[in-house]
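Contents: one structure, followed by commentary.
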Amino acid sequence: MSSRTFHDPLHRSIRLDASRPAEAMIMALVDSQPFQRLRRIRQLGPAFLTFHGAESSRFTHSLGVFHLARQALDRLVSKDPTLECHRGTLYAAALLHDLGHGPLSHTGEEMFGLHHEQWSARLVREHPQIRPLLDAHSAGTADAVANLLGHDKAERSVIKALVSSQLDCDRLDYLLRDSYSTGTRYGQLDLERILSALTLAPDGELAIHPKGLMAVEHYLVVRNLMYRSVYSHRLNVVCNWLLEQVIRIARQLGPGDVWCDAVLKRWLWSPKQLDLNAFLANDDLRTGYHLLRWAEDGPAPLANLCQRFLDRQLLKASAVEHLTSEQQLEALALARRLSEQQGMDAETCCGLRHQQLRGYHPYRGGLRLWDGQRLLALEQESPLVQSLTTPAASAWLIHPREIETELRSHLGTHGFGA
């Protein structure tokens, strides 16, 4: 096949031309079994229970990241032609950066205790389809890609910045895509302005031309809003906590009391012995099937949690960040007492969840402005960005809806916890 076009709802036509070696490699990688598996991994995990349109996959997102990385590199090569030799490495890293996601994406990481970056790097280094395709393009490409994905030092840091930084192609695509799929309107980025503002500082690192300052400010505000309104939505918090309890209880009950197929047995009780085949065999379909089976004939605590998730009979979450740590623990104890009075298992329906959001971190690859004469930290020139460096904490008390009225009455009482 000389060319292929993917019709994307965001980026329109993503066209690959096999006469260009790096794009021919991408076509082959897309057809590989590990990449096709990403069709069966939801981009936003269980967020479809909150935003009914959130059904897009890691496959779709990964193609979008590649598309943006190609545009960004074209822009930077015009300023430094020596970057051309890194085209294959960048393309592959952009496409494969999420190869190591487990079921339900980031939720699966918390459920099963894995890190997708480590698995992505391992699959690139070891998978019998992936590594040969990369090294056939150019010797050493597989190791170079794995180093980028595994957070090792890259040969050119600007290439790494396009894959993983505070303004990378991954974030640009997922903010646009997640806003689109959830029906929120925050993620309307000025993508063309951002990409056209990419430049190189005198040290060869990625920088932003001041003409793109407002577009980048907007991007950082959008990211903050998307985390607050979508990624950290209270129902997402509940779903993530609930699914973590499902896996915790299944592991505690053990293989004698919990039915599992051979693949999930290894995920649950021998996670450190997962090989590539067992890892790739698990996806949203397999994990979802086990939730169905457990809801039908699993032990009571496990069945109850699975049924809650499948029927969307979710627990409630009350904001408690205004309480001290001691008061939060007292509120949790109260929720458990009230739940037990209702005949419920307090351990499986009450919990605390803490999160911290920082819209911009100046000390983790902080962005810089370069106009050809002055090189400045972004937060120095932008009070708006400076305001995003302050972390915002949230705390949620998770509990059954049956005790909501009485519990919130206590939480709203002046001097609670005193």
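The values are calculated or read from the model by the stated rules, or taken from the named source; none is laboratory data. All of these numbers come straight from a predicted model, not from anything done at the bench. With ideal geometry, Cβ positions are generated from the backbone for all residues, glycine too; neighbour counts draw on all protein chains shown. For accessibility, only protein heavy atoms count, side chains too; no ligands or nucleic acids. Shrake-Rupley method; radii C 1.70, N 1.55, O 1.52, S 1.80 Å.
Structure summary
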{"quantity": "Acute angle (nearest 10 degrees) that the helix 213-226 long axis makes with the longest principal axis of the chain, alpha-carbon atoms", "calculated": "20"}
{"quantity": "Helical contribution to [θ] at 222 nm, DSSP H n ≥ 4, -39,500 (n - 2.57), averaged over the chain, rounded to 500", "calculated": "-15000 deg cm²/dmol"}
{"quantity": "Probe 1.4 Å, protein heavy atoms only - accessible area per residue of segment 1-144 in square angstrom", "calculated": "38"}
{"quantity": "Under 19 Å from residue 211, Cα to Cα: lysines that are on another chain or at least 8 residues apart", "calculated": "79"}
{"quantity": "Rounded if a/c under 1.5, otherwise prolate or oblate - segment 271-326, Cα gyration tensor axes", "calculated": "oblate"}
{"quantity": "Residues residue 79 and residue 229, FRET efficiency given R0 of 25 Å [Cβ-Cβ distance, rounded to 0.05]", "calculated": "0.10"}
{"quantity": "Cα shape, segment 272-418, gyration tensor, a/c 1.5 rule", "calculated": "oblate"}
{"quantity": "Distance in nm between pseudo-label sites at residue 393 and residue 293 (7 Å out along the Cβ direction from Cα)", "calculated": "4.2"}
{"quantity": "Of 343, 88, 365, the one that fluctuates the most in a GNM where the chain has Cα springs shorter than 10 Å", "calculated": "343"}
{"quantity": "R0 of 56 Å, Cβ-Cβ distance residue 265-residue 386: FRET efficiency to nearest 0.05", "calculated": "0.65"}
{"quantity": "Theoretical FRET efficiency, 1/(1+(r/R0)^6), r = Cβ-Cβ of residue 17 and residue 155, R0 30 Å, to 0.05", "calculated": "0.70"}
{"quantity": "Simple spin-label estimate for residue 115 and residue 401 in nanometres, 7 Å along Cα-Cβ", "calculated": "3.9"}
{"quantity": "Shape call, segment 46-146: gyration tensor on alpha carbons, a/c limit 1.5", "calculated": "oblate"}
{"quantity": "Residue 135 paired with residue 106, simple spin-label distance in nm, labels 7 Å along Cα-to-beta-carbon", "calculated": "3.5"}
{"quantity": "Phi-based couplings in Hz for segment 273-279 (Karplus 6.51, -1.76, 1.60; Gly and Pro marked x)", "calculated": "9, 5, 9, 4, 5, 5, 5"}
